[in-house]
Every structure is written in structure tokens, then in C-alpha cells.
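Presented below is the structure to which this report refers.
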Amino acid sequence: MSSNNVVVLDNGAGLIKAGIGGNLDPTAILPNCLARPLSSKKFLHLSDHNATAAFDLTSAAVRRPLDRGYLINPDLQREIWSNLFSNVLKINPSHSSLLLVEPLFNLPSLQRAADELVFEEFGFESLFVADSPSLVHLYEASRSRPSNGVVSKTQASLIVDCGFSFTHAAPVFQNFTVNYAVKRLDLGGKALTNYLKELVSYRAVNVMDETFIMDDVKEKLCFISLDVARDLQVARKPGRDNYFRCTYVLPDGVTHTKGFVKDPDEANRCLTSKDGAPKDDMEYPEVTEKAEDRKRVDLTKNEFSLTNERFLVPEMIFRPADLGMNQAGLAECIVRAVNSCHVYLHPVLYESIILTGGSSLFPRFAERLEKELRPLVPDDYQVKITTQEDPVLGVWRGGSLLASSPDFETMCVTKAEYEELGSARCRRRFFH
């Protein structure tokens, strides 16, 4: 079995990343959902991450097979996978192996449902199940960079995975996730988008049904504040003094079916300080809308302004209590995860924190996390945080690397073994 016929599937609750083992990038990145636009009577496959441009997804109804990170609708997942394997990847499952990425602490009943899909519905030759932290660690440890020397030398790292449904702080030692030390924060990209929807709906225009549009607003305009009290004062100022204010134009369904930022220069004004000098070290998302697109539409209506929402939404990762959640923030979550490990590992883990997952893409995330962590960590330990080169694809790339290793075949459970021993016995092989 060569890596040519190993399908690597990072089945995220937000996005599916799928491709062939051994490649650097996945063949397909697509939403793990079906959507029904207002113009359609049936739910449609969004067979490409950018396919949202093909449909007008304003107020589209969305059905997701995963809820809070776990598979709750296997029939819907089968429909999405079937489209993925036959129309997008164009592979024959009966002649392929599958490397499936599963959430941590997956329940046995949900594992069984996934195994039934893989072997009974699609008939894959063999299956290997991995969790995301170990794959991120594998990928980072394999890269020969001076910055990740500690990860390679010690074979230990602390993976902070900020995903769609929740955020995990997971210590990994010698490619195994230390399950008893994993800490979870029940807050991910979906909760942040929902919070942004609520804020905008309360203050400006009702966008409670606009999942795809508000995801776009969050990704383009939100950032993490390094000094919340100061930034809240700035956000209260009128006119040009408030350099956080920016306007987002909603689609009108006629001339344009996607929302856009009205004035990208205005949106990026927070790149400059009060005296107008640019802050060179500040990285904000590139807002690249065409000027002619803005001229063509009547901008007097169907738009809303954002000010402090831009940093208050991602702030929830560090202050979940402000959302009414009885949970610690991310920094405390990391400290608890490290403290659950052997004391000899503590300095190593603090020195090799790796950020992955789509929600870690907020500008200034690593800097703010270090600022929060430093007071909680003993003075004689170094704190070193690195963000993955591509946080969305990091897990998939680790899976691709594993799938192309020479002994991958021996690690898999075959269809014959599954039929003979059943799901529970086969799962023991993956040490979950």
C-alpha cells in the first residue's frame, strides 16, 4: 500500500480538509455542512470553500453533521462524504485506506458510528484514527527550523488547538497526546461568530440568520486587543479619532451576493497609532476589495458599522466568564494542562507551545497569549509560543506526513479485522 491511495481526512466541524497522503496541501477544503439558499427548495453541497460565491447564501439554512465537535448525524455525514469522495477527490474507497482525524474524548458510540460509515457504507480497505494534537506535533517536529528545536529534541510540545467548536490545550509527548492532561475550553469559532451576530443584531441590523456573512466579518475585521481598557476608551471616541470604526456592506442579492468591507483603508486604520505613525509589528488581515465594486452599489443602506465588537468578540477566548461561561480563560487552561503533567516536562512544554486551528488566526493572538501567560508561569521558565505556518491546514499536513511513512500500513485496522473483531476491539490499537 503506497501513500498514493491513502485518503487523509481532517473532518472538522467547520471545514473538511481532504486529500491524498504525501501531498503538502489537501485537494479540497470545504464547509462540513449542507446549505439551503432562499432561492432553493433543497439543501446543496458547498463543494468548495469558495463556492459560497456561486450561491447567494444570505439567510441560508445550514445543516451540520457535527455538533459541539462530535458526530451526531451520521446520515448527513455520509451524504457529504459521498459527494467528497466521488465528485471532489474522485477516489474509489474500496481501493483506498483512510486516515481519519477525530476529536479528543470521542464517545465509543460515536466511534462505532464513524467505523460503520468507513467500513460498511464506503468499504475502505483500512482505517487509521488520529487526534489533531499528535498530528500537529508530528508535523512541527519533522520541520528542521531553529525555532522548533525544542520540539524536535525533546519530542514534547503543548498544542493549543483553537477550532470551530472548542479550544484544547493538549500536551503531546513522543507523538502521543497525554489524554489525562488535556484541558478543554468550550469556546470556538462558532461561538465567537454567534456572539458577533448578537452584538451586531442588538446594535445595528438583524443578522442572526447570516452565518456565512458574519463568519466573513469576523475573519476580516476582528483582532485581539493587547490593552482592552485603552481600546475601549478609543472605541468610544467620535469621528476620525475612533480608528476602530469601520463599515461592512451586506449583500443586496442583485449586484453582489457577498458582503464586503466598505473602506479597507478605514478598516486598517488601527494599524496606525494615535499620532499617525504606523505600528510596523502589527499584523492585521488583508482587506482587499476592489474600488469599482464599492462604487457600483448604493452604500446608503444595508450596511453596519463596527467599533469595539472588533476586539470584544475574540476577547472571549481569554475571558469566557464575560459570556456567562463558568470556565477559565485560555492562559489558565494552558497552565492547568501543564500542571497535570510530570514536573520534569513543565519547562519543556512552556517553551514549545504551538498554536493551531482557524481561531488562532486573529492578529496578535500569540502576543496576547504570552502577555497573559507570563505572570502565571514561574519566572525561571521560558515561555515560547509559535503559530503554525498555516493553522487551518496544520493537522491535515501532519496526517499527510504520517500517511506517507513506510510503516503506516502496519498501524491501520483492516476491513477484515473490523468484521472479525468489531469496533471496540479495533479501536484499542489507536491508544485513545
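Observations, loosely collected:
- Residue count for segment 314-329, restricted to those that are open to solvent by 50 Å² or more (accessible area, probe 1.4 Å) and touching a helix residue (DSSP H, G or I) at 6+ places or on another chain (Cβ under 6 Å): 2
- Contact map, segment 211-231: residues that are of a type in the set (D, E, K, R) paired with residues that are assigned to a helix (DSSP H, G or I), Cβ distance under 7 Å, separation 6+ or inter-chain. Pairs shown: Asp215/Thr193; Lys218/Leu192; Lys218/Thr193; Lys218/Leu196; Asp231/Phe311.
- When the residues of segment 369-393 are filtered to those that are among the aliphatic types (A, V, I, L, M) and more than 22 Å from the chain's Cα centre (by Cα), the one that is most open to solvent (accessible area, probe 1.4 Å) is Leu376.
- Looking only at segment 199-220, residues that are under 18 Å from Ile317 (Cα atoms) and open to solvent by 20 Å² or more (accessible area, probe 1.4 Å) come to 4 in all.
- Pairing each residue of segment 249-272 that is over 17 Å from Thr307 (Cβ atoms) with any residue that is open to solvent by less than 50 Å² (accessible area, probe 1.4 Å) and part of a strand (DSSP E or B), provided the two are 6+ apart or on different chains, yields C-beta distances under 8 Å for Leu250/Phe304; Gly259/Tyr248; Gly259/Val249; Phe260/Tyr248; Phe260/Val249.
- Some residue of segment 230-246 being more than 21 Å from Arg68 (Cβ to Cβ), within 22 Å of the chain's Cα centre (by Cα) and outside any strand (DSSP E or B): no
- Residue in segment 354-368 that is among the aromatic types (Phe, Trp, Tyr) and either open to solvent by less than 10 Å² (accessible area, probe 1.4 Å) or not in a helix (DSSP H, G or I) (or both) present: yes
- From Tyr418, Tyr381, residue being free of Cβ contacts under 8 Å to residues at least 60 places away in the same chain and either more than 30 Å from Val7 (Cα to Cα) or in contact with a Phe, Trp or Tyr (Cβ under 6 Å, 6 or more places away or on another chain) (or both): Tyr381
- Residues that are surrounded by 20 or more Cβ atoms within 10 Å (Cβ to Cβ) and among the small types (Gly, Ala, Ser) within segment 125-148 comprise Ser126, Ala130, Ser132, Ser134, Ala141, listed in sequence order.
- Of the residues making up segment 82-124, just one is open to solvent by less than 40 Å² (accessible area, probe 1.4 Å) and on the phi > 0 side of the Ramachandran plot, namely Gly123.
- Flag for Arg78 being open to solvent by 30 Å² or more (accessible area, probe 1.4 Å) and modelled with pLDDT of 95 or more: yes
- Any pair with Cβ under 6 angstrom, 6 or more apart, that starts in segment 177-198 at a residue that is open to solvent by less than 10 Å² (accessible area, probe 1.4 Å) and ends at one that is aromatic (Phe, Trp, Tyr): Gly188/Phe164; Gly188/Phe166; Gly189/Phe164
The values are calculated or read from the model by the stated rules, or taken from the named source; none is laboratory data. What you are looking at is a predicted structure, and each value in this text was computed from that prediction instead of being measured. Glycine gets a Cβ as well: all are built from the backbone with ideal geometry, and neighbour counts include every protein chain shown. Just so you know, the surface numbers come from the protein's heavy atoms only, side chains and all, with ligands and any DNA or RNA stripped out. Shrake-Rupley method; radii C 1.70, N 1.55, O 1.52, S 1.80 Å.
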